[in-house]
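The values are calculated or read from the model by the stated rules, or taken from the named source; none is laboratory data. These figures come from a predicted structure and were not determined experimentally. Virtual Cβ from ideal backbone geometry, glycine too; neighbours counted across all protein chains shown.
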Protein chains: 2
Amino acid sequence: MTTYFEPVGCAIDLATGAMSNPTGQYKKHFRDLDGLYGDAAAFEAMRAEWNDRVVYDVSEFRPRETAGDLIFGVTRMSPGKVGDEFFVTRGHIHRNADRPEIYYGQKGRGLMLLESPAGEVRVVPVEPMTVCYVPPFWIHRSVNVGSEDLVMLFCYPADSGQDYEIIACSGGMRARIVDDGAGGWKEVENPDWRPRDAATIAALHQAKPVEVSI
Amino acid sequence: MTTYFEPVGCAIDLATGAMSNPTGQYKKHFRDLDGLYGDAAAFEAMRAEWNDRVVYDVSEFRPRETAGDLIFGVTRMSPGKVGDEFFVTRGHIHRNADRPEIYYGQKGRGLMLLESPAGEVRVVPVEPMTVCYVPPFWIHRSVNVGSEDLVMLFCYPADSGQDYEIIACSGGMRARIVDDGAGGWKEVENPDWRPRDAATIAALHQAKPVEVSI
């Protein structure tokens, strides 16, 4: 008789940002985020206090990595700034770039910062009870623009994969999210950003996931 | 230049169970649910009061129906019973049966009632802040076992499709969820349930989604 994957319930704890019954977890420390922020001097100055602190952690449930399945989990992200720039996740495009993702705000005030291969920028608020749909082909990064933990549920196709290098290869994302000095945030241009060339963009559009049968 | 699908934020209103920026919505009235419950006489007796009432409604965001994309939305379901059996959704297996789904409890007390093609039964509580992972190949139906609206976020692969007939073809799901007379619920055997034959099960296992490129 066929053995089916067992259904499961995963409870999310808003106080800790953890999820029960995860298949995996990881943490990103401040030291892991070197190079992400515009103000390198401010980053260095923060190391004494922040170096070994966890900036964000993820609990995930990853049943399989085959096409057609889903991976979901929770991201918890501390509040903070490097210089005037709000804390961000590393950000990624999906390795199979035509895969989307949803983020569902649970706690705190966040943003999804998005960039198309051609360099179009979008910002979608991720507040509690708001789902952000990240369509295929968008590079995306979460930003905590609040003063408390940002907690989000995420879900994406199991064969998406993550390409974290695409952002570094362009000198960062085109926009940075900084303190506006009035209790809010604003989007500023990243002067180090370099457009992707046509071949790089074409390669992203070629994403051809492999269908795996079980 | 390529035009990308635009990112979007969809806010969920727990009071109404509605989601902003949906691409579609539908309602199921009591009259649409004829045949789902064990106690047909109790169903008929309720028609005078309930016939045109909405038992559950769905707001969804359906960007595309191509492989690798995601559909998400919100289901709101009224509390109630037909005889001693709690209100249920129609229930389905995915037309591409190897597609999974997640449900995330937001309000109320619910259950996910699951049945494998071979007739194995599982019950997963769907309480607020609990994600239920419905793995590939499981028939599933939501049950409101509480006294208030059940509100759940759902997300599934865009090429899943729904087969609602599989349940009727077996005389209903194998288990029914009924009032235990003590403020809770219990699972009882459905005497009308008929096992699926080997050919039907084999056909489900042959699910071969078509990969569509854009």
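Among the conditions (1) buried (at least 23 other Cβ atoms within 10 Å of the Cβ); (2) in a loop (DSSP other than H, G, I, E, B), the only one that B:PRO63 does not satisfy is (1). Going by the structure shown, is B:VAL151 in contact with a His (Cβ under 7 Å, 6 or more places away or on another chain) and either of a type in the set (Val, Ile, Thr) or in contact (Cβ under 8 Å) with a residue 60 or more places away in the chain (or both)? For B:VAL151, the condition - in contact with a His (Cβ under 7 Å, 6 or more places away or on another chain) and either of a type in the set (Val, Ile, Thr) or in contact (Cβ under 8 Å) with a residue 60 or more places away in the chain (or both) - is not met. The sole residue among B:GLY35, B:GLY108, B:GLY68 that is surrounded by 18 or more Cβ atoms within 10 Å (Cβ to Cβ), within 17 Å of the chain's Cα centre (by Cα), on the phi > 0 side of the Ramachandran plot and among the small types (Gly, Ala, Ser) is B:GLY108.
Yes/no matrix, rows are residues, columns are (1) free of Cβ contacts under 8 Å to residues at least 24 places away in the same chain; (2) under 30 Å from A:GLU187 (Cβ atoms):
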residue	(1), (2)
A:TYR4	yes, no
A:ILE12	no, yes
A:GLY17	no, yes
A:GLY24	no, no
A:LEU36	no, yes
A:ALA42	no, yes
A:MET46	no, yes
A:ASP57	no, yes
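Of note, B:ASP57 satisfies the criterion of being among the acidic types (Asp, Glu) and surrounded by 18 or more Cβ atoms within 10 Å (Cβ to Cβ). Say whether the condition of being modelled with pLDDT of 95 or more, assigned to a loop (DSSP other than H, G, I, E, B) and within 14 Å of chain A (Cβ to nearest Cβ) is met by at least one residue in segment B:137-144. Yes: one or more hits.
Taking segment A:165-195 as the range and being closer than 18 Å to A:GLU120 by Cα, out of contact with any Phe, Trp or Tyr (no Cβ under 8 Å at 6 or more places or on another chain), assigned to a loop (DSSP other than H, G, I, E, B) and away from chain B (no Cβ under 14 Å) as the test, the residues that pass are A:ASN190, A:PRO191, A:ASP192, A:TRP193, A:ARG194. Set side by side, the residues B:ASP52, B:ASP98 differ, and just one is surrounded by fewer than 18 Cβ atoms within 10 Å (Cβ to Cβ) and among the acidic types (Asp, Glu), which is B:ASP52. Could you please find all residues in segment A:118-141 being over 23 Å from B:TYR156 (Cβ atoms) and either surrounded by 22 or more Cβ atoms within 10 Å (Cβ to Cβ) or of a type in the set (A, V, I, L, M) (or both)? Result: A:ALA118, A:VAL121, A:VAL123, A:ILE139. Applying the condition of being of a type outside the set (Val, Ile, Thr) and surrounded by 15 or more Cβ atoms within 10 Å (Cβ to Cβ) to segment A:1-15 and asking which residue is nearest to A:ASP57 (Cα to Cα) yields A:LEU14. Looking at B:SER160, is it under 30 Å from A:GLN206 (Cα atoms) and either within 11 Å of another protein chain (Cβ to nearest Cβ) or touching an Asp or Glu at 6+ places or on another chain (Cβ under 6 Å) (or both)? Yes: the conditions hold for B:SER160.
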